[in-house]
Amino acid sequence: DTEVTQTPKHLVMGMTNKKSLKCEQHMGHRAMYWYKQKAKKPPELMFVYSYEKLSINESVPSRFSPECPNSSLLNLHLHALQPEDSALYLCASSQGDSRASPLHFGNGTRLTVT
Amino acid sequence: AQSVTQLGSHVSVSEGALVLLRCNYSSSVPPYLFWYVQYPNQGLQLLLKYTSAATLVKGINGFEAEFKKSETSFHLTKPSAHMSDAAEYFCAVSDPNNDMRFGAGTRLTVKP
């Protein structure tokens, strides 16, 4: 079982919808991440939160809006998405205090935009 | 900049055969290197990591990797493949911003 929990597991939304992806970890990690993964590709970094502050935004379109309400929770708000945004969205966490800290991933949310 | 290159997008072995997945790195500073595995419909799971201690690193599920500075390599091996090892494997390097940069991935198929 993964220690990073993502909900929902699957999401189908239209291009005019607003939805949110949720991520939760209780390992005391201070860094949390959103990755996007297309089929047969590696994960691509979208956002990094370090100590609840957004530290990295990898030039992601504004239709994706991250939020970190507290050190255990991470949300990704979605609005006016495009079909090409369909992908597996992975949340991860790490201790965040050194390059030696590995990432702990959730099982992802499979997003389909129609 | 730090990066990794995985040689071979697809590797196929017979059950019981040696598994060898190749990864070469490029880094301007001493690298921190990782191998992750992804099973279908799941997230990535850490197999092992190199953080400048022992050059031969043992991980979970019988996998190990050897850091070779002279060859800038960090290849993943397992002496005897099991059917359950079929998955996607990603080599990764942690850059100075503590961001994980992944290779393109290698799909391992295990034939009975």
Practice task
Kindly establish whether residue B:90 is open to solvent by less than 70 Å² (accessible area, probe 1.4 Å) and under 29 Å from residue A:48 (Cα atoms).
Solution key: yes
Exercise for the section: Could you tell me which residue of the stretch A:87-112 is farthest from the other protein chains (Cβ to nearest Cβ), considering only residues that are modelled with pLDDT of 95 or more and surrounded by fewer than 19 Cβ atoms within 10 Å (Cβ to Cβ)? Expected result: A:112
Exercise for the section: Could you please let me know if residue A:36 is open to solvent by less than 50 Å² (accessible area, probe 1.4 Å), more than 11 Å from chain B (Cβ to nearest Cβ) and either in a loop (DSSP other than H, G, I, E, B) or of a type outside the set (Ser, Thr, Tyr) (or both)? Expected result: yes
Practice task
Starting from residues that are in contact (Cβ under 8 Å) with a residue 24 or more places away in the chain, outside any strand (DSSP E or B) and open to solvent by 70 Å² or more (accessible area, probe 1.4 Å), keep the ones in the stretch B:1-42 and report whichever is nearest to residue B:112 (Cα to Cα).
Solution key: B:15
Practice task
Report, by residue number, each residue of the stretch A:44-64 that is open to solvent by 50 Å² or more (accessible area, probe 1.4 Å) and either small (Gly, Ala, Ser) or farther than 15 Å from residue A:77 by Cα (or both).
Solution key: A:44, A:51, A:52, A:53, A:55, A:58, A:59, A:62
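The values are calculated or read from the model by the stated rules, or taken from the named source; none is laboratory data. Everything quoted here is computed from the prediction, not taken from an experiment. Methodologically, a virtual Cβ is constructed for each residue, glycine included, from the backbone with ideal geometry; neighbour enumeration extends over all protein chains shown. We work out accessible area using only protein heavy atoms, side chains counted, and drop any ligands, DNA or RNA first. Shrake-Rupley method; radii C 1.70, N 1.55, O 1.52, S 1.80 Å.
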